[in-house]
1. Which residue is least open to solvent (accessible area, probe 1.4 Å), if the candidates are limited to the range 17-48 and must be in a helix (DSSP H, G or I) and farther than 12 Å from Tyr62 by Cβ?
2. Does any residue of the range 25-35 turn out to be free of Cβ contacts under 8 Å to residues at least 12 places away in the same chain, farther than 30 Å from Asp125 by Cβ, not aromatic (Phe, Trp, Tyr) and not assigned by the TED database to the domain that holds Val123?
3. Using the structure shown, decide if Thr57 is modelled with pLDDT under 95 and within 30 Å of Tyr9 (Cα to Cα).
4. Any residue in the range 78-99 that is open to solvent by less than 70 Å² (accessible area, probe 1.4 Å), outside any strand (DSSP E or B) and in contact with a strand residue (DSSP E or B) (Cβ under 9 Å, 6 or more places away or on another chain)?
5. In the set Ala12, Ala56, which member is loosely packed, with under 13 Cβ neighbours inside 10 Å and either under 26 Å from Pro87 (Cα atoms) or of a type in the set (A, V, I, L, M) (or both)?
6. Residue by residue through the range 72-100, note down the ones that are farther than 21 Å from Asp20 by Cα and in contact (Cβ under 8 Å) with a residue 12 or more places away in the chain.
7. So, Asp72, is that one in a helix (DSSP H, G or I) and under 30 Å from Glu6 (Cα atoms) or not?
8. With the structure loaded, tell me whether Tyr68 is aromatic (Phe, Trp, Tyr) and open to solvent by 80 Å² or more (accessible area, probe 1.4 Å) or whether it fails that test.
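The values are calculated or read from the model by the stated rules, or taken from the named source; none is laboratory data. Just so we're clear, the structure is a prediction, and the values are computed from it rather than from any experiment. Ideal geometry is used to build each Cβ from the backbone, glycine not excepted, and the neighbour counts take in all protein chains shown. Areas reflect the complete protein model, heavy atoms only, side chains present, ligands, DNA and RNA absent. Shrake-Rupley method; radii C 1.70, N 1.55, O 1.52, S 1.80 Å.
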Amino acid sequence: DDALPEPAYTTAQEQSEAADLSLCLGTSLRISPANDLPVSTTRNGRGKLAVVNLQATGKERYASLHVYCTTDYAMKQLMAALDLPIPVYTVTQTVTVSHEWVEAEESKANGQRKTHCRVTVQVGDSARCPYL
């Protein structure tokens, strides 16, 4: 389970139960407990659930509508039907990628020299994410 922090989960639960429609775009609806939030919209008998996803979600029995396509395709069709423009999105963050060669711990123990390449990625001001 990937628990949501409080009070965010309680607020999300209340809002889901009060909603007339939960629209789920591009999600498998498999991560608990968040996967139950859209379903709670349907429990009061008046709310509806609509899902846009390429694969089945396991929540089809609750959905009034399930469209099997990409989210991009569905949103382009919806925006066209509503005669609304899709705004241009431009990424303005800097992505920095660096690398260094690191001697592996096991190479010190057996006398053989073994190295790994550590790649570090940083997006904008976010924390650096190293990978071996």
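1. Per the stated criteria, the residue is Ala34.
2. No: zero hits.
3. yes
4. no
5. Ala56
6. Listed by number, the residues that qualify are Gln93, Thr94, Val95, Thr96, Val97, Ser98, His99, Glu100.
7. No; evaluated as a whole, the condition is false for this residue.
8. yes
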